[in-house]
Amino acid sequence: MPVPVASRRRSLRPVEVLVTATVVFAVGYAVDLSSSDLLQDTGAAGHDPVVARLLALVLALVVTVAGLAAGTSFRAAAPRRSLHAPSGLRVPLAQIDGHPAVAVHLPAGPLGVHVISGSFGAGHDSAAQEISWRLVEAGHRVQVWDVVDFFPARVGPLVRWLYLEQLDLSPRSWGLLLRHLQPGTLLHRCVVGAVSALPARRIRRLTGTGTDLVVSTHPFASQALGRLRRRGQLGAPALTYLTDASVHPLWVHPGIDLHLAHQEVAAAQARALGARVELVTALVPKGCDVPLTAAERAAVRARAGLPLDAPVVLVVGGSLGIGELTESARDIAATGLAVPVVVTGRNEALHERLRSVPGIVSLGWRDDLEELIKAADVVVQNSGGFTSLQTLAAGTPLISYRDLPGHGTTNAEALAAAGAATFVRDPADLAPALEAALARGRAGGSETPVHRALLEVLFPPARTPVGAA
């Protein structure tokens with residue numbers, strides 16, 4: 001449970017905030033100007049002025065964010081009491097008691113539903129598709145959208161590119177940003193203001209007549225929907241499906257009617273941030289919990305070029321193959337306990353590099369990932385995304401290792417707290433963790449917590465269609 005922590009800080013004068021922000025942005029601008037020429041002159045950007053300019057912009061943004069994070073301008077002016085959510089994020093107590101969520105009232109008959117995802121990772125899209133399929137099977141009209149497309153002037157693709165480049169080039173800066181993204185701070189207000197206001201206009205036009213329910217599977221969409229609900233510009237209830245095992249502040253908006261969590265830890269963190277929460281069974285493809293027969297398991301391994309008899313550890317880094325996957329695979333191979341099989345997703349460069357590394361099997365993008373998870377002996381992950389849910393549903397032992405800073409770390413902590421995965425923080429502890437996982441073997445059934453199904457939460461049981469999941 002969250003632990004209250006009392007704290008008081010000196011009030012900040014407006015001039016202090018202004019001076020701090022001015023200095024930090026000036027430094028960021030100077031870095032932008034100086035690094036562009038330096039990157040091009042040294043050949044770090046391949047002597048391409050366009051590439052040098054883009055890299056300089058990214059570097060300037062990282063410096064600016066880091067500077068603001070370190071500056072006193074992030075502290076709210078008033079003294080505050082705060083608590084620590086299970087993720088370690090400080091949460092102002094005022095956020096817990098204020099703005100109770102509106103009860104969800106849905107009309108009878110087929111509904112017009114919009115599901116808004118975010119193409120910042122396949123987990124958000126996969127969750128949106130699972131929600132869509134369940135509602136369509138129940139007879140409702142559903143459309144799925146990408147919040148990236150709702151940002152004006154092509155800002156959405158730029159934001160997505162910057163996020164992915166930050167994770168690739170400077171993942172620790174992403175972790176630093178999330179740690180300082182506390183409710184009540186200037187950073188939180190600025191980020192929430194931007195990501196909620198920019199896509200809100202187009203979402204408002206989309207969700208006019210004929211909309212009975214809107215569901216978000218991405219924080220940016222949740223912020224925009226919450227903004228519209230609080231301003232009375234969205235008449236339909238708005239729900240957020242929390243795709244991760246942990247919850248950072250951008251996931252929660254007081255205007256959202258209901259947040260759906262698939263883990264107790266995530267539910268507790270969301271409640272600590274002031275959200276109204278219901279627990280639902282994780283939304284994974286049907287059949288994830290159906291084990292393979294020995295013959296099917298051998299066929300899957302043979303088709304993928306995996307050893308038929310040796311223990312196999314599947315190493316995953318999301319659909320984009322981000323993180324220290326090479327290091328993880330080498331560490332696993334060094335234990336001599338199993339053959340590491342790296343699923344690089346859309347990271348073709350990594351796939352090509354690993355193909356020539358002895359002792360490591362490299363797989364690119366796979367459409368049969370669900371079967372590979374069932375055919376593996378252990379899955380090692382670094383982000384706690386959708387693949388982790390599939391692994392838990394399949395009953396395959398799950399280990400978090402070389403986690404991505406930020407959400408990767410908090411998700412690993414949440415999965416460990418829930419008893420769903422082993423969190424290995426030190427390479428020296430990897431071999432014992434693998435030994436224990438291999439000895440334990442596959443669970444007799446799904447390790448996914450069983451809560452109410454999505455449709456049971458949305459509709460009274462009497463209205464839930466027969467056979468609906």
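Exactly which chymotrypsin sites (Phe, Trp or Tyr not before Pro) in the stretch 361-442 are in a DSSP loop and have at most 10 other Cβ atoms within 10 Å? All intermediate terms of the calculation are to be shown ahead of the outcome.
Values: sites: W365, F386, Y401, F423; in loops: W365.
Taking the stretch 361-442 and a limit of 10 other Cβ atoms within 10 Å, no loop chymotrypsin sites (Phe, Trp or Tyr not before Pro) are found.
How charged is the neighbourhood of N411? Take every other residue with its Cβ under 12 Å from the Cβ of N411, and add Lys/Arg as +1 and Asp/Glu as -1. Before the final figure, lay out the partial values.
On the way: positive: none; negative: D244, D403, E413.
Computed value for this residue: -3.
Which value, in debye to the nearest 20, gives the size of the charge dipole of the stretch 294-440 about its Cα centre, when Lys and Arg are +1 and Asp and Glu are -1 at the Cβ?
Numbers: 12 positive and 17 negative charges, 40 e Å.
Result for the stretch 294-440 is approximately 200 debye, rounded to the nearest 20.
Just want to confirm a number: the relative contact order over the stretch 294-440, from Cα pairs under 8 angstrom separated by 6+ residues, in percent. Walk me through the numbers on the way to the answer.
Details: 269 pairs, mean separation 31.8, N = 147.
Contact order relative to length: 22 percent.
Calculate the dipole size of the stretch 168-238 relative to its Cα centre from +1 charges on Lys and Arg beta carbons and -1 charges on Asp and Glu beta carbons; express the result in debye to the nearest 20.
Working: 11 positive and 2 negative charges, 57 e Å.
Computed charge dipole of the stretch 168-238: roughly 280 debye.
Loop only by DSSP, 15 or fewer other Cβ within 10 Å of the Cβ. Give me the trypsin sites (Lys or Arg not before Pro) in the stretch 264-298 that pass, ordered by residue number.
On the way: sites: R271, R276, K286, R297; in loops: R276, K286.
Qualifying residues, ordered by number: K286.
Readers should treat all values here as calculations from the given coordinates under stated rules, not as data from a laboratory. Predicted model only: the values in this text are computed from it and were never measured. Every residue, glycine among them, receives a Cβ derived from its backbone with ideal geometry; neighbour counts consider all protein chains shown.
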